[in-house]
Amino acid sequence: MDPLIIQCAVTGSADPDPQRRPNLPVAPEAIIDESVRAWRAGATLLHLHAREDDGTPTQGRDAFARLVDGIRAAGCDAVLNLSCGTAGGRAERDDRLAPLELRPEMASFDAGTINFGERIFEGDLPFLRRMAEAFRRSGVRPELECFDTGHVGLALQLQREGLLSAGPLVVQFVLGVPGTGVPATVRQVEHLRGLVPGDTRWFVAAAGAAQLPMTAYCILAGGHVRTGLEDNLSYRRGERATNAQLVERVVRLAAELERPVADAAQTRALLGLGGGAG
Ligand code: ZN
């Protein structure tokens, strides 16, 4: 079985809310600090959303550049996976793609439309094709975020149309998100991963309390793990977590289950990346 890639989704794009989410890093310096701590704990892939000084989510290029520069200045060699989402509904379509200008090694590629919270997350096929071209032009590896079965089908269609970079697909099954109507269950993941080619590098992002059992399942089933406060704020019921604590627990689980954890070089090889630290 391949070494386990541990990805940490450090902050997400939820609105700042010190009462409900006191442990979520929202200031840029706090996001940088938590990212570096998560890397030191064993995460070799960091999924980042950018925020203004007051914690407001943004897709602005400069806000992402600040995070990248701060994380690299700390000596962190993790692969950086920048969000091309909507910054909590603040960016639409092509405006979502500004982080690609920084030519990160990887960025998230939401593979279709879905209900999301109280909103619609838009991803019609013409936009998906345009987004795929933008990723290819920028040399950025897409992490195909699939929230449901149809997203997997659309990702495979883009691959058939020659719009995705060569090499194994990198797929994130994003499950149990409120408002999507899709459960985070083993049965759901078994169905979804049966649809992708055998060499696909697949992860599961499971919301809330499903994160821990899905982590254990992914370690055993040959997938890779996404943890972090974007998806789950708690270490256990009634106890807030830090990103590093969540990563440390994955490292311990992997050791117990005898699955080696990938270092940065192995992570780049598994993800089909060139080996730079951009
Ligand atoms: Zn995200």
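Computed from the coordinates by the stated procedures, all read-outs in this text should not be read as laboratory data. The structure displayed is predicted, hence computed values, not measured ones. All Cβ positions, even for glycine, are placed from backbone atoms using ideal geometry, and neighbour counts span all protein chains on display.
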Cα convex hull volume per residue for region 66-131 (Å³): 100 Å³
Where a label projected 7 Å from the Cα of ASP15 along Cα→Cβ would reach, residues of region 37-70 with amide N under 20 Å: 49-60
Of GLY228, GLY194, GLY179, the one that fluctuates the most in a GNM where the chain has Cα springs shorter than 10 Å: GLY194
Net dipole in debye of region 39-172 [+1 Lys, Arg Cβ; -1 Asp, Glu Cβ; about Cα centre; nearest 20]: 380 debye
Of THR267, THR180, THR227, the one that fluctuates the most in a GNM where the chain has Cα springs shorter than 10 Å: THR180
Debye intensity ratio I(q)/I(0), log10, region 117-202, q values 0.14, 0.18 Å⁻¹ (C-alpha model): -0.50, -0.81
Hull volume in cubic angstrom per residue (convex hull over the Cα atoms of the chain): 111 Å³
Fewest-first sequence of LEU125, LEU246 by Cβ atoms within 10 Å of each Cβ: LEU125, LEU246
Two-decimal ratio, region 113-160, of alpha-carbon radius of gyration to 2.2 N^0.38 Å: 1.18
Most fluctuating residue given options GLN157, GLN19, GLN211, as computed from a GNM of the chain linking Cα atoms under 10 Å: GLN19
Highest to lowest packing among 214-224, 29-39, scored as the average C-beta count within 10 Å: 29-39, 214-224
Local electrostatic count, THR180, Cβ distance below 12 Å [Lys/Arg +1, Asp/Glu -1]: -3
Förster-model FRET efficiency, 25 Å R0, THR56 and GLU239, C-beta, rounded to 0.05: 0.35
DSSP bridge pairs, the chain: antiparallel proportion in percent, nearest 5: 20 percent
